[in-house]
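Please read the structure below before turning to the comments.
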Ligand SMILES: NC(=O)c1ccc[n+]([C@@H]2O[C@H](COP(=O)([O-])OP(=O)(O)OC[C@H]3O[C@@H](n4cnc5c(N)ncnc54)[C@H](OP(=O)(O)O)[C@@H]3O)[C@@H](O)[C@H]2O)c1
């Protein structure tokens, strides 16, 4: 009998395929792949699911997976306006969900660095701020979920002035995010540049391992998985 845990992949596009390649390294056997119009019953014997689909599909998929009590990692972006509904569904079915607009460890460190910079500059009115990102031209949502989260981190740190937000979509770029602060005296630019999708896939698999091992219920962010609940 295999010792591997059974993984369901919801969405078998660029991210789903990358995760399938790396899954055995994390002790997972891909037991079900579900793309548009596939039956979710295929996933009923799985231990955990990873969902990378589309902003239009993700909330319905989360509801189906929660009703099956299948702990789920959600990488799809562009659905945060529905967070209250998702939280209620996960709580109602006493299951678990880990989400992040970005499953790279480096970006989750970047979130904290940006938060700290915003805190230090919130009372320095000569500094204006901008937030910018570029991704491949097949990415559907703009600005990216990661950029929205970066801006949110800045606001939560108390940076109340305008933050000028911009996005580009071109070529095959896996994702670069810049946060800048500019004054008459100087400019600070903080940048995270992804080299490939591999870091996102590895992070999602790490989150799936955590869900299987911890058997927690509720909604968690990837930062809870990698840093614990230590957010300040
Ligand atoms: N959080 C992160 O770290 C991270 C990293 C990268 C990407 N993302 C996000 O993850 C999502 C997917 O990215 P991707 O690059 O893998 O996109 P993609 O290559 O377009 O793949 C999406 C896949 O989902 C399938 N799909 C669509 N509707 C579905 C449904 N109702 N049920 C099941 N599967 C469905 C699509 O099938 P069809 O082709 O048949 O329509 C396609 O195979 C995007 O929202 C992207 O922004 C997040």
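The values are calculated or read from the model by the stated rules, or taken from the named source; none is laboratory data. Every value quoted in this text rests on a predicted model; they were computed, and no experiment measured them. Every residue, glycine as well, gets a Cβ built from its backbone with ideal geometry; the counts of neighbours run over all protein chains shown.
For residue 181, the stated conditions do not hold, so it cannot be described as assigned by TED's automatic domain parsing to the domain that holds residue 21, in contact with a strand residue (DSSP E or B) (Cβ under 9 Å, 6 or more places away or on another chain) and assigned to a strand (DSSP E or B). Residues in the stretch 54-93 that are within 12 Å of the chain's Cα centre (by Cα) and within 11 Å of the ligand (Cβ to nearest atom) were compared, and the one that is farthest from residue 150 (Cα to Cα) is 73.
Taking the stretch 94-104 as the range and being more than 10 Å from the ligand (Cβ to nearest atom) and buried (at least 17 other Cβ atoms within 10 Å of the Cβ) as the test, the residues that pass are 95, 96, 97, 98. Working only within the stretch 40-50, note down all residues that are outside any loop (DSSP other than H, G, I, E, B), in contact (Cβ under 8 Å) with a residue 40 or more places away in the chain and more than 13 Å from the ligand (Cβ to nearest atom). Of everything in the stretch 40-50, just one residue is outside any loop (DSSP other than H, G, I, E, B), in contact (Cβ under 8 Å) with a residue 40 or more places away in the chain and more than 13 Å from the ligand (Cβ to nearest atom), namely 48. Tell me which residues, restricted to the stretch 1-22, are more than 11 Å from the ligand (Cβ to nearest atom), within 22 Å of residue 68 (Cα to Cα) and assigned to a helix (DSSP H, G or I). Selection gives 20 alone.
Per the conditions (1) assigned to a loop (DSSP other than H, G, I, E, B); (2) away from the ligand (no atom under 14 Å from the Cβ), the sole criterion not satisfied by residue 37 is (2). Evaluated against (1) loosely packed, with under 15 Cβ neighbours inside 10 Å; (2) under 17 Å from residue 17 (Cα atoms), residue 188 falls short on exactly one condition, (2).
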